[in-house]
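Here is the structure we will look at, set down as structure tokens.
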């Protein structure tokens, strides 16, 4: 018998809690990935969950055999990954932190339901503000910190790579750079260790005819930070990008890739930060977060990261 079966976990099963735009888009992305053979959709609006399950299921003849259905919390006990996208949507001109009290209240009803079912899978928090809700989930669930992950700045980092790829006219997959800290307004781009296939970012920019580094870096970082606001203003919600980010995190877990991704996780003294969840590159595999990667930061980046952590801690003091 495999270890996963002994532990009562079905490695080919995912649970989705929340079937709004993000939940539905993520469910579709996971169906397309072929990683799972079973997926249960849970929503306070049972009809919504049933409708999404039916809609995706009707396309399965074009994909792979899979069981997709609407269920309840009793159906999550053997899921390898429990993805939480439930919560209020971010509105135009509203920051992620503005959602705090509404979504913390929702999580205070969701997480105890998970905790009392002795689930042994990994919780992946996607709802915003993701760093606050990751910490709340950790405290309310009683799970070990490696098994409570937030989607963090995985999407922000992808946006940074995309923008840099566009600026430098190179494949964005060859760009190696991170957004760290809060998934929100205090996030920061780590320029000091950014490279394009091993070439320091400033040197590569000069190879491509770009020399005004400070101004360009500030502009691109600001564009990345404001991407969600711009998309929400134009189409009222963001969901495709984050769905692909969640799919990527799930791949790292299910395939035990030990990939390095900037997920939100509990800090325990790294960079002088503790008792707050935020995004730092981490090794992600079958056990969740295996360890945080001590990337190199210059003094200014370290100061900004600590300030980002303090911003989150200040919010936490008001809710826990």
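Laid out as a table, the results:
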item: Fewest-first ranking of 213, 58, 183, using other Cβ atoms within 10 Å as the exposure measure; result: 58, 213, 183
item: At R0 = 35 Å, FRET efficiency that the Cβ-Cβ distance of residue 102 and residue 256 yields, to 0.05; result: 0.45
item: 4 °C / 1.567 mPa s Stokes-Einstein diffusion coefficient of region 181-320, Kirkwood radius on C-alpha pairs, µm²/s; result: 77 µm²/s
item: The chain, relative contact order [Cα under 8 Å, separation at least 6], %; result: 18 percent
item: Sites residue 44 and residue 207, calculated FRET efficiency, Cβ-Cβ separation with R0 35 Å, nearest 0.05; result: 0.10
item: Beta bridges by DSSP in the chain, antiparallel share as percent, to the nearest 5; result: 50 percent
item: 222 nm mean residue ellipticity, helices alone, for the chain (DSSP H n ≥ 4; -39,500 (n - 2.57); rounded to 500); result: -13500 deg cm²/dmol
item: Segment residue 115-residue 237, length gained on full extension (0.36 nm per residue, minus Cα span); result: 40.9 nm
item: Bins of 5 Å from zero: percent of alpha-carbon pairs in region 1-129; result: 2, 11, 20, 22, 19, 13, 8, 3, 1, 0, 0
item: Cα principal axis extents for the chain, largest first, Å; result: 56, 46, 44
item: Förster-model FRET efficiency, 25 Å R0, residue 223 and residue 93, C-beta, rounded to 0.05; result: 0.90
item: Per-q log10 I(q)/I(0), region 53-145, q = 0.15, 0.16, 0.19, 0.23 Å⁻¹ (Debye; single scatterer per alpha-carbon; no solvent); result: -0.68, -0.75, -0.93, -1.11
item: Cα centroid of region 183-227 to Cα centroid of region 119-137, whole Å; result: 29 Å
item: Virtual paramagnetic centre 7 Å along Cα→Cβ of residue 293, amide N under 19 Å, in region 178-205; result: 178-183, 188-202
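A short reminder: the numbers here are calculations on the coordinates, not readings from a lab. Quantities reported herein were computed from a predicted structural model and do not represent experimental measurements. A quick note on method: Cβ atoms are made from the backbone with ideal geometry, for glycine too, and the neighbour counts reach across all protein chains shown.
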